[in-house]
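Novice: Shown below is the structure under consideration.
The values are calculated or read from the model by the stated rules, or taken from the named source; none is laboratory data. Just so it is clear, the model here is predicted, and its values are computed rather than measured. Counting neighbours? That spans all protein chains shown, and the Cβs are built from the backbone with ideal geometry, glycine included.
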Amino acid sequence: MKNMRGKLYSVGIGPGDPELLTLKAVRLLKECDVVALPKGDTDVMTAKNIVNQVVDLDKKEQLIIYMPMTKDMAVMDKAHQEGADAVIKLLDEGKNVVFITLGCPTVYATCIYVHKLVLKAGYDAELVAGVTSICAVAAKLNVSLCERAEPLIGFCDCMFLDGMAIVCLFNPLFCFLFVSCVLAQL
């Protein structure tokens, strides 16, 4: 009997509020064989901490994927390839892997680099959308990002100020200044 390959799911877990995990994300996390967890340069694993409030990840096989916070492309490329290789090994064992990422895997996600490498190697992979921080903050502020025929917002600029990410978003009628500390209150 031929060994079936597993599938990679790169799953957005939303902006930090565990109640904003999608039903699909929760189902995949419960059903998967392995959860891949991004780990930066510190011991804090924010994505794992969020998901653990809904699904007990300690009962799952875990793969830690180092995602360095650097601008050194060689260091990043090496880490991404090592992550992809580790995922591919599990897929070859027939295991389904869920790689969690904050927000949505389609917007500045750390997992997308590993995801693309797995696809390039000829494996099955799927992006699973999550709630973006942009939408979550607008909802928290009780405002609409666009109405009627207004164009959807566009990114204007992103900068860091005293360790806080500040993103300025524009549409023709409003200018919103979103600060990461607002997300912590969601």
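Novice: What are the residues in region 44-100 that are among the hydroxyl-bearing types (S, T, Y) and over 23 Å from K24 (Cα atoms), if any?
Specialist: The first filter runs over region 44-100 and keeps only residues among the hydroxyl-bearing types (S, T, Y), leaving 46, 66, 70.
Those that are among the hydroxyl-bearing types (S, T, Y) and over 23 Å from K24 (Cα atoms): Y66, T70.
Novice: Could you please tell me which pairs satisfy a Cβ distance under 6 Å, a separation of 6+ or placement on different chains, a first residue in region 105-122 that is farther than 13 Å from V87 by Cα, and a second residue that is among the hydrophobic types (A, V, I, L, M, F, W, C) and in a loop (DSSP other than H, G, I, E, B)?
Specialist: Within 6 Å, the pairs are T110/M67.
Novice: Could you check region 84-130 and list, in sequence order, the residues that are of a type in the set (V, I, T) and either in contact with a Ser or Thr (Cβ under 8 Å, 6 or more places away or on another chain) or buried (at least 18 other Cβ atoms within 10 Å of the Cβ) (or both)? Full working, then the answer.
Specialist: Residues of region 84-130 of a type in the set (V, I, T): 87-88, 97-98, 100-101, 106-107, 110, 112, 114, 118, 128.
Within region 84-130, V87, I88, V97, V98, I100, T101, V107, T110, I112, V114, V118, V128 meet the criteria.
Novice: Right, something else. Take I50 and decide whether it is under 15 Å from the mean Cα position of the chain (by Cα) and under 18 Å from N96 (Cβ atoms). Steps first, answer last, please.
Specialist: Values: under 15 Å from the mean Cα position of the chain (by Cα): yes; under 18 Å from N96 (Cβ atoms): no.
Here the answer is no, as I50 does not meet what is asked.
Novice: Out of the residues in region 29-47 that are closer than 16 Å to G103 by Cα and modelled with pLDDT of 95 or more, state the one that is surrounded by the most Cβ atoms within 10 Å (Cβ to Cβ).
Specialist: A36
Novice: Step by step: first the residues of region 98-112, then only those that are of a type outside the set (V, I, T) and over 22 Å from E61 (Cα atoms), then the one that is modelled with the lowest pLDDT. Which residue is that?
Specialist: At the first step, the residues of region 98-112 found to be of a type outside the set (V, I, T) are 99, 102-105, 108-109, 111.
If we keep only those that are over 22 Å from E61 (Cα atoms) too, we end up with 103-104, 108-109.
On the way: G103: 91, C104: 90, Y108: 84, A109: 89.
Applying the filter and picking the extreme gives Y108.
Novice: Somewhere in region 62-78, is a residue in contact with a strand residue (DSSP E or B) (Cβ under 9 Å, 6 or more places away or on another chain) and over 23 Å from K120 (Cβ atoms)? Break it down stepwise before answering.
Specialist: First, pick out the residues of region 62-78 that are in contact with a strand residue (DSSP E or B) (Cβ under 9 Å, 6 or more places away or on another chain): 62-67.
Filter once more, keeping what is over 23 Å from K120 (Cβ atoms): 62.
Yes; the residues of region 62-78 include at least one that is in contact with a strand residue (DSSP E or B) (Cβ under 9 Å, 6 or more places away or on another chain) and over 23 Å from K120 (Cβ atoms).
Novice: Find all pairs meeting these conditions: Cβ atoms under 7 angstrom apart; at least six residues apart or on different chains; first residue within region 85-99 and at positive phi; second residue surrounded by fewer than 19 Cβ atoms within 10 Å (Cβ to Cβ) and assigned to a loop (DSSP other than H, G, I, E, B).
Specialist: Pairs found: G94/N3; G94/M4; G94/R5.
Novice: Answer yes or no as to whether V11 is buried (at least 20 other Cβ atoms within 10 Å of the Cβ), at pLDDT 95 or above and within 13 Å of L102 (Cβ to Cβ). First the steps, then the outcome.
Specialist: Numbers: buried (at least 20 other Cβ atoms within 10 Å of the Cβ): yes; at pLDDT 95 or above: yes; within 13 Å of L102 (Cβ to Cβ): yes.
Considered against the rule, which asks whether it is buried (at least 20 other Cβ atoms within 10 Å of the Cβ), at pLDDT 95 or above and within 13 Å of L102 (Cβ to Cβ), V11 comes out as yes.
Novice: Kindly establish whether K140 is of a type in the set (D, E, K, R) and modelled with pLDDT of 90 or more. Spell out the reasoning first.
Specialist: Details: of a type in the set (D, E, K, R): yes; modelled with pLDDT of 90 or more: no.
So K140 does not fit the description; no.
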